[in-house]
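**Q** My questions will all concern the structure given below.
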Amino acid sequence: MTISYTLITGASSGIGLAIAEEFARQKHHLILVARREGKLKELADKLKKFGVKVEVISADLAVNAGAEALFEKVQKQGLNVDILVNNAGRGNSGEFSEQAPDHMRGTLELNMTSLTILSRLFIDQMKINGYGRILNVASIAGFMPGPGLAVYHATKAYVLSLSEALNAELKGTGVSVTASCPGPTESEFHTQADTTSLKGFNMVSFMTAKQVAEEAYVALKKEQAFIIHGRLNQAFATTPKLMPRRWVPRIVKTFLAK
Ligand SMILES: NC(=O)c1ccc[n+]([C@@H]2O[C@H](COP(=O)([O-])OP(=O)(O)OC[C@H]3O[C@@H](n4cnc5c(N)ncnc54)[C@H](OP(=O)(O)O)[C@@H]3O)[C@@H](O)[C@H]2O)c1
């Protein structure tokens, strides 16, 4: 019998690590992916107590053709993926005109291109098997433009739009796509993206990565097109629809100011 795996990108910290723990608890075999192999190996050892197989693949998904290289490694190892979790992502706060173009390109590659190409490459086998699940970690940032975090918000709007479209397109195939939309969540993201001094982030309470992972797992099982985690985040994500569109960036700008 073929063993099926859940492949999780960005499993070395934060939400991806919590998703790995949740899937292991639910008895899924795992392929953990990120750049920091040492962290992945530590996690793999820890998760074996759940009686699941855990493979580790080090990959950089912010580079051109990073997704194809990862897919090839998985194929070479003969691993069958029935659940794909596109979680790896990054942001960078600050003015658009001050961002390094190369860093921006890497963010677009990681948050959008790799996520899209990995979905495209793994979906063929899922369709043949008549079963597959894709979980894309978007954000409530996807529901509104983000002056001060503009590229990040735009990439998450892309992830949300793509996920909802694919969820509808794939109805009846046995494959479903779910976008997870957390708000501020405890992880390494905020140091990495330099968001710790932004006003809005100091006004709200953060969810834990564990809470997000548990809810995302349930949403994936229910084949939901998307889930917004937490009541307050649901309000943040839906309020922009209730006001004139031109107001939204101005209000978000105050939230994302230092
Ligand atoms: N934390 C929040 O407030 C929040 C809110 C909404 C959405 N999100 C989204 O949640 C997802 C996970 O972020 P997080 O909050 O858990 O942040 P995190 O703790 O910084 O985790 C990011 C993960 O992505 C991996 N990663 C980063 N660059 C990579 C690259 N070039 N290639 C492969 N993997 C890479 C990191 O591993 P390595 O460094 O080992 O490569 C790490 O495992 C992201 O998509 C983020 O946008 C976060």
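**Q** Within 14 Å of the ligand (Cβ to nearest atom), open to solvent by less than 70 Å² (accessible area, probe 1.4 Å), charged (D, E, K, R) and modelled with pLDDT of 95 or more: is that true of Glu109 in this structure? Before the answer, list the steps.
**A** On the way: within 14 Å of the ligand (Cβ to nearest atom): yes; open to solvent by less than 70 Å² (accessible area, probe 1.4 Å): yes; charged (D, E, K, R): yes; modelled with pLDDT of 95 or more: yes.
It is true that Glu109 is within 14 Å of the ligand (Cβ to nearest atom), open to solvent by less than 70 Å² (accessible area, probe 1.4 Å), charged (D, E, K, R) and modelled with pLDDT of 95 or more.
**Q** So, of the residues in the stretch 183-208 that are among the aliphatic types (A, V, I, L, M) and open to solvent by less than 60 Å² (accessible area, probe 1.4 Å), which turns out to be nearest to Lys258 (Cα to Cα)?
**A** Here the residue is Leu198.
**Q** So, one more: Does Ile8 fit the bill of being out of contact with any Ser or Thr (no Cβ under 9 Å at 6 or more places or on another chain), open to solvent by 60 Å² or more (accessible area, probe 1.4 Å) and among the aliphatic types (A, V, I, L, M)?
**A** Values: out of contact with any Ser or Thr (no Cβ under 9 Å at 6 or more places or on another chain): yes; open to solvent by 60 Å² or more (accessible area, probe 1.4 Å): no; among the aliphatic types (A, V, I, L, M): yes.
No; evaluated as a whole, the condition is false for this residue.
**Q** Exactly one of (1) buried (at least 16 other Cβ atoms within 10 Å of the Cβ); (2) within 11 Å of the ligand (Cβ to nearest atom) is unmet by Ala154. Its number?
**A** With (1) buried (at least 16 other Cβ atoms within 10 Å of the Cβ); (2) within 11 Å of the ligand (Cβ to nearest atom) applied to Ala154, the lone miss is (2).
**Q** Something else: Out of the residues in the stretch 54-101 meeting the condition of being over 18 Å from Ser114 (Cβ atoms), open to solvent by 50 Å² or more (accessible area, probe 1.4 Å) and in a loop (DSSP other than H, G, I, E, B), tell me which one is nearest to the ligand (Cβ to nearest atom).
**A** Among those residues, the one meeting the criterion is Ala100.
**Q** Right, here's the next one. Here's a check for you: in the stretch 23-42, which residue that is open to solvent by less than 10 Å² (accessible area, probe 1.4 Å) and either in a helix (DSSP H, G or I) or among the basic types (Lys, Arg) (or both) is nearest to the ligand (Cβ to nearest atom)?
**A** Per the criteria, the residue is Leu40.
**Q** Still on this structure, I have one more. Could you count how many residues in the stretch 1-22 are at pLDDT below 95 and within 14 Å of the ligand (Cβ to nearest atom)?
**A** Summing the residues that are at pLDDT below 95 and within 14 Å of the ligand (Cβ to nearest atom) in the stretch 1-22 gives 0.
**Q** Look through Asp194, Asp124 and report the one residue that is closer than 22 Å to His28 by Cβ and acidic (Asp, Glu).
**A** From the options Asp194, Asp124, the qualifying one is Asp124.
The values are calculated or read from the model by the stated rules, or taken from the named source; none is laboratory data. This is a predicted model, so every value here is computed, not measured. Virtual Cβ from ideal backbone geometry, glycine too; neighbours counted across all protein chains shown. Quick note on the areas: whole protein, heavy atoms, side chains included, nothing else; ligands and nucleic acids left out. Shrake-Rupley method; radii C 1.70, N 1.55, O 1.52, S 1.80 Å.
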